[in-house]
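To start, the structure itself, in structure tokens.
Where a number appears in this text, it was derived from the coordinates with a stated rule and is not lab data. Since we're looking at a predicted model, the values are computed, not measured. Virtual Cβ from ideal backbone geometry, glycine too; neighbours counted across all protein chains shown.
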Amino acid sequence: MTELLLTLISAALINNLVLHWSLGVDPLLSGERDKVHALGISTTCLMLIVGVLSYSAYHWLLVPLQLTPLRLFVFLPLSVLLIAPLLKLLSRIFPKLTFDGLWPLLLGNAGVLGLTLLNAQDDKGLLHASVLSLGAGLGFWLVLSLFSDLCQRTRDNDVPLPFRGLPIQLIGAGLIAVAFLGFSGLIKT
């Protein structure tokens, strides 16, 4: 149980897919500031579902049939085909949040595919893969919320002209990444 909790904390804070692995940066720079929580919820759910299904497909279908080189041809369609039904389900569960227009952001999120490849690489069990997927989704949501707040603060402040827009966003993302490096000493292996 302790190992699963450490995996969850590590995936969310220490080995964050966005800051540590630079996967899934596209939604941060998209400009969708009013849909932060809808994008965070949908990405977390997509990472959890695709992470568990891809682990199961890889270890219980592709490995026994010796078709492991075809893992990308299984993982990519799996993640793409689950986006639309997931968004419909989440719009029914959370009627106050707007999930319109999130399909391209979820489709272009490399963090989902990177997570499936990380789960396929590690053979620590289905429960570990699901906790890793949940932690990666929660970490993405945390970074998305922090980055949205940072962009709102820089928009309201006096930023020098050469740094307005994307340059200050990239500097802010770098500073958030450096702040998250402070969590690296949290868990000793």
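Worth pointing out:
- Helix 126-156 and the longest principal axis of the Cα set of the chain meet at an angle near 10°.
- Only lysine pairs 8 or more places apart or on separate chains count here, and in the chain those with Cα atoms under 27 Å apart total 4.
- If the chain linking residue 178 and residue 159 were pulled fully straight, counting 0.36 nm for each residue of separation and taking away their Cα-Cα distance, it would gain 4.7 nm.
- Order of 158, 149, 34 under a 10 Å beta carbon neighbour criterion, fewest first: 158, 34, 149
- Total charge dipole magnitude, the chain, about the Cα centre, Cβ charges on Lys, Arg, Asp, Glu only, Debye to nearest 20: 180
- As a calculated quantity, the FRET efficiency between residue 63 and residue 127 at R0 = 22 Å, using C-beta atoms, amounts to about 0.75.
- The angle between the Cα long axis of helix 36-57 and the main principal axis of the chain comes to about 20°, on a 0 to 90 degree scale.
- A simple spin-label model places the labels of residue 171 and residue 84 4.4 nm from each other, with each point 7 Å out along Cα-to-Cβ.
- The long axis of helix 71-81 is offset from the longest Cα principal axis of the chain by roughly 60 degrees.
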